[in-house]
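The values are calculated or read from the model by the stated rules, or taken from the named source; none is laboratory data. Keep in mind the model is a prediction, meaning the values are calculated, not measured. Note that we place each Cβ from the backbone using ideal geometry, even for glycine, and neighbour counts take in every protein chain shown. The accessibility values were calculated without ligands, DNA or RNA, using every heavy atom of the protein model including side chains. Shrake-Rupley method; radii C 1.70, N 1.55, O 1.52, S 1.80 Å.
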Amino acid sequence: MSLIDRKPALPDYQALMLPLLRSLEDGNLHTMRDVTATLAETMCISKEDRVLMLPSGQQTIFANRVGWAKTYLKNAGLLSNPSRGKVQVTEAGRRALGQNPERIDNDFLEQFPSFVEFKCKRSDSDEPQTSTPTSDTPLTPLELLDSSYQQLIKVTVEDLLTKIKEASPAFFERTVVKLLRAMGYGISGDSVTTGKPGDGGIDGVIREDKLGLDVVCIQAKRWEGPVGRPVVQGFVGSMDYYKATKGVIITTSYFTADATEFVSHIQGKRVVLIDGEQVAKLMMAHNVGVTTTKLYELKEVSHDFFDEDDG
């Protein structure tokens, strides 16, 4: 499950700063894993929300937010990170807790020179800036990056779909064939072919083996309106022309609930319905009609490299 699938009922990283610092109040060394687990318990984070992942799928949202709360507190000098994965409150952190603050956030941390210096290092740089958390955003930098990435995907999908709808029906059919080949369907260059006159509207046929024993029928519909049950039912009947038990209907629009329900009750045949948004997403995933303009690599410090105990 990802951040896109459901909106998590999670505190933002600034709301975690005070609870995190309080969890270290005993002055002992604590592992970040234990601290994160303790915060989840004391803040009554549900089991479902604890396992929600960032869109990248690399880390849970909650652990990411705890990690950024730690980073900001550390740069303000309120906690230290003396060894890998371990944290401890500092004297400055004890004094901060002694103020009995109702909340510790970025505005609160502005009173500490080291935090101001940390923020200024980025703003004074001549290099391009990336989004960083501010007082009015609940997102961590990684969440901002993931959110921006997902937004770019959404915009590209919408743009692709617009282009497809503006193209001719014949172009859409050719695009569908290219997409299916890019997805690995068919065993040779001529294994995805167009339909024949009298075949009941089959736009293409995929032969999945050299003898043509396993056949998948294709119908490509560049429509604006919904594709209903009559169209799907007619396609299912036309599959008999090729003695096919598998079929795919791809449209630039969408399928009615009646059409979807009909497909789920077909006996002896399997038909997959792919709507316009799915087509655009598949085109992006398989590099059909899109080009890669820029790649980013996210890197982190290798703590193993700096482990002097290894000799």
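Brief remarks follow.
- Backbone geometry of region 275-286 corresponds, through the Karplus equation with coefficients 6.51, -1.76 and 1.60 at θ = phi - 60°, to 3J(HN,Hα) couplings of 8, x, 5, 5, 4, 4, 5, 5, 4, 5, 5, 10 Hz, x marking Gly and Pro.
- Listed peptides 60-71, 171-182 by packing density, highest first (mean Cβ within 10 Å): 60-71, 171-182
- Sulfur and carbon atoms: percent of accessible area, region 197-288 [1.4 Å]: 53
- Carbon/sulfur fraction of accessible area - region 1-123, other protein chains in place, 1.4 Å, %: 49
- Amide H to amide H distances under 5 Å link Glu110 with no residue, where only residues 5 or more positions off or on other chains count and H is placed in the peptide plane.
- Rounded FRET efficiency, nearest 0.05, which uses the C-beta distance separating Lys178 from Asp240 and R0 of 22 Å: 0.20
- The slack between Glu117 and Lys86, meaning 0.36 nm per residue of separation minus the straight C-alpha distance, is 8.8 nm.
- What region 65-126 shows is 56 Å² of accessible area per residue, with the surface traced by a 1.4 Å probe over protein heavy atoms.
- Backbone N under 14 Å from the Val290 label point (7 Å along Cα→Cβ), restricted to region 138-153: 149-153
- Across Lys221/Lys243; Lys165/Lys281; Lys74/Lys154; Lys210/Lys281, pairs whose alpha-carbon gap is larger than 25 Å: Lys74/Lys154; Lys210/Lys281
- Computed accessible area, Arg84, all protein chains, 1.4 angstrom probe, square angstrom: 150
- Point-to-point label distance, Glu208-Asp34, nm (Cα→Cβ direction, 7 Å offset): 5.4
- For Val290, distant residues with modelled amide H under 5 Å away: none
- Residues whose amide H comes within less than 5 Å of that of Gly204, counting only those at least five positions distant or on another chain, are Gly195, Ile218 (H built at 1.01 Å from N in the peptide plane).
- Karplus-derived 3J(HN,Hα), 6.51/-1.76/1.60, for each residue of region 234-240, Hz, glycine and proline x: x, 5, 4, x, 5, 4, 5
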